[in-house]
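Notes follow once the structure below has been shown.
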Amino acid sequence: MSHATPKVSGKLFGLFCLASYLLSLSYGSTFLLALLIGARGGNEHDAGTVISAAMLSTFVAVLGCGHLADLLGAARSIGVFALLLVAASLGFAMTSGFGYGLLFFGLLLGLGWGVFYTLGPIIIANLVVPAQRAKYFALLSGSMMSGIGSGPLFGRAASALDLPLASAFYLAALASLVGALLFWRLAPRLTPSQTITAKITWRATTQVLSSQALLPIIMVGLGGCVFGGLSSFQTSYAAVRALDYSWFFVGFMGAAISSRMLIAGYVIKRDPLRASCLLSGVMLASVMLFAFGVNGGLSYLLAAVMLGVGYGLTYSVINGLAANEAPDGTTSQALLLFSLAYFIGVFGFPLLAGKLIVEQGMASLLLTLLGVALANWLITIGRLLGRRFTAKNPRPTPTVRRSSGTNPS
């Protein structure tokens, strides 16, 4: 039997990716919140507060999705909680002004997105053989990135057609509804033969955080800060520099898709530590370009493309590292902690980012993101140097003295 053959058919996985794309539109539309709230009298700090409300509910989603999967099954759980994404998108579109209503819908978004984002990779990890995880994680995350990038583009299209910005949120709600129905229908075929262990326990947590899987978990949190900070306030960044924000999302989404189609198969066959170092360096270079080098449409597009390649492929590589470097029997728990770290970065950081923009300006945010991206890259440098040192100085094999029989036992 071939060890490279996945347990899931290509058609089934294609439908899985389509449903994932549709659900991701709801999260992608939140990148328009700064623009939407600004039009209603708010500012970037208000938008960051709404986005960060989702961080609180994602904690609940991650901690409870294991019990939910036991009760309904992982795929059906996604289908049910995707309805919260529908409600959140409708709420953003229909709520006037800024207040507790938007915070409530931010909490709903976090619950729906948290369950989907956490259980999706776990389903794939249990359906696909370990040697193919990095490839299928890359394809899945590519579908999700495509949906995330499409959300703001629908907002730009609405403006071009003289439609209200809320139209993008209505469209995201419809897409999420279709995605929810797809997951519910596919559930029987997405159920693995073995039981999915998707509960976080203290013992499993300490095992994972004591292993090499800790480092990719930290990296995804730092990468989430970079992605969340740049994407959530890209409309503000573009406005300051008199640019069209759609160029960012076109460049980012195009790079994320094409890199997974053309490069991912090559990258996953390479040394994951070297690959993560190179790709994290590309992400760092993109942040530097955003901070110091963007002076027109072409450089703006280039920075977005670099972010799409660097962040997008790094995520796939470290997702596979987190799964494969976790101790035996803790793969699902490692992926849960991986998702939790991502949510802290992508939902939590916008609160700080919005405050920085309002109080100190966009330049302060960009310098902060540059420091975060640098720390992320230095982790990969440290891992490579540590491995080289270990290879040059292997631990001596302890000698075993055999007792002559006169020594006490």
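Here are the numbers for this structure:
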{"quantity": "Residue match in region 270-279 (condition: without any contact (Cβ under 8 Å) to a residue 40 or more places away in the chain, under 16 Å from the mean Cα position of the chain (by Cα), buried (at least 20 other Cβ atoms within 10 Å of the Cβ) and at negative phi)", "calculated": "yes"}
{"quantity": "Residue in region 174-185 that is hydroxyl-bearing (Ser, Thr, Tyr), closer than 25 Å to ALA125 by Cβ and under 21 Å from the mean Cα position of the chain (by Cα) present", "calculated": "yes"}
{"quantity": "Subset of region 13-36 [farther than 18 Å from LEU351 by Cα, surrounded by fewer than 24 Cβ atoms within 10 Å (Cβ to Cβ) and touching a Phe, Trp or Tyr at 6+ places or on another chain (Cβ under 9 Å)]", "calculated": "PHE13"}
{"quantity": "Members of region 37-61 that are in contact with a Phe, Trp or Tyr (Cβ under 7 Å, 6 or more places away or on another chain) and assigned to a helix (DSSP H, G or I)", "calculated": "ILE37, GLU44, ASP46, ILE51, SER52, ALA54, MET55, THR58"}
{"quantity": "Number of the exception - TYR100 against (1) surrounded by fewer than 24 Cβ atoms within 10 Å (Cβ to Cβ); (2) touching a residue at least 12 places away in the same chain (Cβ under 8 Å); (3) hydroxyl-bearing (Ser, Thr, Tyr)", "calculated": "(2)"}
{"quantity": "Options GLY151, GLY155: the member that is within 22 Å of VAL80 (Cα to Cα) and modelled with pLDDT of 85 or more", "calculated": "GLY151"}
{"quantity": "Pick from region 70-89, criterion farther than 15 Å from TRP113 by Cα and in contact with a helix residue (DSSP H, G or I) (Cβ under 7 Å, 6 or more places away or on another chain), ranking: surrounded by the most Cβ atoms within 10 Å (Cβ to Cβ)", "calculated": "GLY73"}
{"quantity": "Candidates LEU243, LEU230, LEU215, filtered to the one that is outside any helix (DSSP H, G or I), of a type in the set (A, V, I, L, M, F, W, C), out of contact with any strand residue (DSSP E or B) (no Cβ under 6 Å at 6 or more places or on another chain) and in contact (Cβ under 8 Å) with a residue 40 or more places away in the chain", "calculated": "LEU243"}
{"quantity": "When residues of region 267-286 are limited to those that are touching a Leu at 6+ places or on another chain (Cβ under 7 Å) and among the hydrophobic types (A, V, I, L, M, F, W, C), the one farthest from ILE381 (Cα to Cα)", "calculated": "VAL267"}
{"quantity": "Sole residue being touching a Cys at 6+ places or on another chain (Cβ under 8 Å), closer than 26 Å to GLY142 by Cβ and in a helix (DSSP H, G or I), chosen from SER24, SER77", "calculated": "SER77"}
{"quantity": "Whichever residue in region 62-74 is more than 20 Å from the chain's Cα centre (by Cα) and in a helix (DSSP H, G or I) and, among such residues, is modelled with the highest pLDDT", "calculated": "LEU72"}
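Every residue, every condition in (1) surrounded by 24 or more Cβ atoms within 10 Å (Cβ to Cβ); (2) under 24 Å from GLY382 (Cβ atoms), yes or no:
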position: ARG156; (1), (2): no, no
position: SER167; (1), (2): no, no
position: THR191; (1), (2): no, no
position: GLN207; (1), (2): no, yes
position: SER211; (1), (2): no, yes
position: LEU214; (1), (2): no, yes
position: MET219; (1), (2): yes, yes
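The values are calculated or read from the model by the stated rules, or taken from the named source; none is laboratory data. Note that the structure is predicted; figures quoted are calculated from it, not measured. Virtual Cβ from ideal backbone geometry, glycine too; neighbours counted across all protein chains shown.
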